1. How far is it, in nm, from the label point at ARG23 to the one at VAL60 when both lie 7 Å from their Cα along the line to the Cβ?
2. How large, in percent, is the carbon and sulfur part of the accessible surface of segment 30-79 at a probe radius of 1.4 Å?
3. Given R₀ = 25 Å, what would the calculated FRET efficiency be for ILE8 paired with THR32, taking r from the Cβ atoms and rounding to 0.05?
Amino acid sequence: EPCAVFMIVAPILTMRLVSEDMRQKTDQLLITSPMPITGIVLGKYLAAVGVFFLTLAVTVIYPVLMSFFTWIGLPGWEITGGYIGFLLMEVLHKTYGVSLQCLSPNLLDALRSYHSAFALEPIKSAAD
């Protein structure tokens, strides 16, 4: 179930991006750096998206190999659309996770907020 994967992977990659800096008081070093704060937060966000993109890119190997070694044709556009949708959905989850981390200095509060916001996703997908 993709929703279960979203609920686990997105907080794992985003839960320590900002709140860990606040907890260890290294956010003061980041704030006083010559780089703007939006650049720092955007860089952390793009790093989390990049890590997910690399893991997703590794899984592209499987459909490509299957298309070479099978006699039946694989639906290329459907597979591509599935990968694009999965990437966009995970980017949305990363955006929400990083924004919660910026609002809450406490890691557990941000994690609880994240899970409460997406708690109804499995129910919605089960209804479909």
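The values are calculated or read from the model by the stated rules, or taken from the named source; none is laboratory data. This is a predicted model, so every value here is computed, not measured. Don't worry about glycine lacking a Cβ; one is built from the backbone with ideal geometry, like all the others, and counts go over all protein chains shown. SASA here: full protein model, heavy atoms, side chains in, ligands and nucleic acids out. Shrake-Rupley method; radii C 1.70, N 1.55, O 1.52, S 1.80 Å.
1. 3.5 nm
2. In segment 30-79, the share of accessible area belonging to carbon and sulfur is 83 percent.
3. Details: r = 35 Å, r/R0 = 1.41.
The calculated FRET efficiency here is 0.10.
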